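Worksheet: one structure, shown below.
Only the coordinates and a few stated rules stand behind these numbers; no lab work does. These figures come from a predicted structure and were not determined experimentally. Neighbour counts are summed over all protein chains in view; Cβ atoms, including those assigned to glycine, are modelled from backbone coordinates with ideal geometry.
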Amino acid sequence: MVKDDAKSRMRERKTVADRQPIAFARAFARNAPLEPGQRSATLFRHGTMRLLYYAPRGNDPQTPHKQDEVYVVASGNGTFVCDGRRAPFVTGDVLFAPAHAEHRFENFSDDFGVWVIFYGPEGGET
């Protein structure tokens, strides 16, 4: 019986995996609808991981988040400020903000947009 349960779980896993997207086009992300009250579009969830697209205009009013966060710069350039440290960025760069850190984007170009990946437990990983 245990063998059958394992086979059944593997079949279900494969079925779920077949329905999950494996690629995300920037053109789709840039036009994805925002949920009410949100400044970024949620594109995908898997376990603790969430993939969003964020493209603020003018200024970046975000506040600290409960999970660790990775940004992949999809387009544009500017300055990333995190816990008082500053780093210039350009398209293709990867940026990190630990859970609960004050962070924001400054002096960013009009075409600025980032892939946002939240992951791990609330409070961040150790």
- Stokes-Einstein D (µm²/s) once Rh is taken as the Kirkwood radius of region 24-119 over alpha-carbon pairs, at 4 °C in 1.567 mPa s: 97 µm²/s
- Residue among V70, N59, A25 farthest towards the positive dipole end of region 24-119, charges placed on Cβ: A25
- Just flag the trypsin sites (Lys or Arg not before Pro) in region 31-75 sitting in loop per DSSP whose Cβ has no more than 12 other Cβ atoms within 10 Å. R57
- Note on the structure: Fewest to most Cβ atoms within 10 Å: V90, V70, V81 sort as V90, V70, V81
- Calc'd 3J(HN,Hα), region 22-33, phi into Karplus 6.51 cos²θ - 1.76 cosθ + 1.60 (θ = phi - 60°), Hz, glycine/Pro = x, comes to 10, 9, 9, 7, 4, 4, 5, 4, 5, 9, 5, x
- T79 to R57: extension gain in nm, 0.36 nm per residue of separation minus the Cα-Cα distance? 6.5 nm
- Given a cut-off of under 8 Å on Cα pairs at least six residues apart, what relative contact order in percent is computed for region 24-119? 33 percent
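If you add up the charges near D111, with Lys and Arg at +1 and Asp and Glu at -1, over every other residue whose beta carbon is less than 14 angstrom from its beta carbon, what do you get?
On the way: positive: R26, R30, R57; negative: D110.
That works out to +2.
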- Note on the structure: With E35 itself left out, Lys, Arg at +1 and Asp, Glu at -1 over residues whose Cβ is under 13 Å from its Cβ give +3
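What length, rounded to one decimal in nm, is gained on full extension from V90 through to Q20, with 0.36 nm per residue of separation minus their alpha-carbon distance?
Working: separation 70, 0.36 × 70 = 25.20 nm, distance 3.00 nm.
Stretched out fully, the V90 to Q20 stretch lengthens by 22.2 nm.
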